[in-house]
Ligand code: PMP
């Protein structure tokens with residue numbers, strides 16, 4: 001079956017869902033996006049994702065030509081026409097078609113795109129056994145140059161890190177910031193557990209404020225697990241009892257080895273497993 005794609009208020013067959021080669025989203029990565037999940041026909045944390053989309057757009061002076069309720073309705077509509085209950089939603093807002101120069105004033109209307117598709121999941125084995133990751137030499141974008149809080153269409157920083165990780169045989173890669181502090185992985189936030197406490201880098205370390213990260217922080221708090229958002233170094237990772245990653249696609253996934261060092265006893269830890277279960281309940285019930 002060919003999925004329909006929503007573009008600026010109209011549904012197109014996937015094959016005909018196209019944008020101009022003059023679109024500044026393509027020419028310059030000038031635009032913003034969201035990756036969202038639906039579980040059992042319900043969009044997970046729609047409000048948080050749309051808020052982040054609007055903040056990203058605001059930061060790059062891009063006005064989204066719809067209201068949040070309108071876009072939410074379009075997402076629901078697109079899921080429905082495609083018959084998707086458990087799936088992945090990609091919302092993209094580009095600057096629109098312009099001239100070949102950088103000036104966004106020469107762009108026509110922004111293109112607002114909603115793609116819904118099946119979700120490609122990591123194999124179950126990785127959730128049971130945990131991931132091995134490495135720290136890569138590509139540092140996260142300097143927040144004073146381009147804030148990692150903006151979920152922009154220019155993902156080269158993350159892609160370069162991903163390539164380094166893949167070449168080393170790892171599907172995720174840990175990125176440091178310009179100060180050598182831990183930030184996040186290429187498409188996931190990172191958490192550590194030490195002495196029963198949950199630790200994660202603060203937003204000003206230069207990370208995307210993950211929606212899944214936010215959900216896990218809430219779950220931990222509700223479970224009585226103390227949480228600290230603190231600057232972390234690679235050393236903190238190496239001596240952690242547990243480590244896991246969070247993201248819309250990955251959900252909560254254990255990490256058992258970093259830079260060849262086993263984390264804790266080299267198996268997914270009890271707090272990680274507990275939070276995986278709690279996240280599962282939150283999304284499926
Ligand atoms: N960091 C980066 C760089 C990401 O791209 C993502 C996922 N899009 C995340 C973290 C996780 O964010 P979320 O939980 O909102 O998917």
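The values are calculated or read from the model by the stated rules, or taken from the named source; none is laboratory data. Just so you know, these numbers come straight off a predicted model, no measurement behind them. Glycine also receives a Cβ, built like all others from the backbone with ideal geometry; neighbour counts cover every protein chain displayed.
Brief remarks on what is shown
- Residue 22 within 30 Å of residue 281 (Cβ to Cβ) and touching a residue at least 60 places away in the same chain (Cβ under 8 Å): no
- Checking each residue in region 67-84 for being in a loop (DSSP other than H, G, I, E, B) and either out of contact with any strand residue (DSSP E or B) (no Cβ under 7 Å at 6 or more places or on another chain) or not assigned by TED's automatic domain parsing to the domain that holds residue 50 (or both) picks out 67, 83.
- One residue stands out among those in region 238-259 that are more than 17 Å from residue 216 (Cβ to Cβ) and in contact (Cβ under 8 Å) with a residue 60 or more places away in the chain: the one that is surrounded by the fewest Cβ atoms within 10 Å (Cβ to Cβ), which is 259.
- Condition check for residue 150 on (1) assigned to a loop (DSSP other than H, G, I, E, B); (2) outside the structural domain of residue 20 (by TED's automatic domain parsing); (3) more than 12 Å from the ligand (Cβ to nearest atom): one failure, at (3).
- Failed condition for residue 118, given (1) within 16 Å of the ligand (Cβ to nearest atom); (2) modelled with pLDDT under 95; (3) surrounded by fewer than 14 Cβ atoms within 10 Å (Cβ to Cβ): (1)
- Qualifying residue in region 48-60 (condition: over 20 Å from the mean Cα position of the chain (by Cα) and either within 21 Å of residue 148 (Cα to Cα) or more than 16 Å from the ligand (Cβ to nearest atom) (or both)): no
- Region 3-24, subset part of a strand (DSSP E or B) and over 24 Å from the mean Cα position of the chain (by Cα), residue farthest from residue 62 (Cα to Cα): 13
- Within region 185-206, restricting attention to residues that are in a strand (DSSP E or B) and within 14 Å of the ligand (Cβ to nearest atom), the residue that is nearest to residue 158 (Cα to Cα) is 185.
This table checks each residue for (1) touching a helix residue (DSSP H, G or I) at 6+ places or on another chain (Cβ under 8 Å); (2) part of a helix (DSSP H, G or I); (3) more than 15 Å from the ligand (Cβ to nearest atom).
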{"site": "126", "(1), (2), (3)": "no, yes, yes"}
{"site": "133", "(1), (2), (3)": "yes, no, no"}
{"site": "160", "(1), (2), (3)": "no, yes, no"}
{"site": "183", "(1), (2), (3)": "yes, no, no"}
{"site": "208", "(1), (2), (3)": "no, no, no"}
{"site": "216", "(1), (2), (3)": "yes, yes, no"}
{"site": "219", "(1), (2), (3)": "yes, yes, no"}
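- Selection within region 39-65 - closer than 25 Å to residue 2 by Cβ, surrounded by fewer than 16 Cβ atoms within 10 Å (Cβ to Cβ) and touching a residue at least 24 places away in the same chain (Cβ under 8 Å): 40, 41
- Restricting attention to region 239-262, the residues being more than 9 Å from the ligand (Cβ to nearest atom), in contact with a strand residue (DSSP E or B) (Cβ under 6 Å, 6 or more places away or on another chain) and part of a strand (DSSP E or B) number 9.
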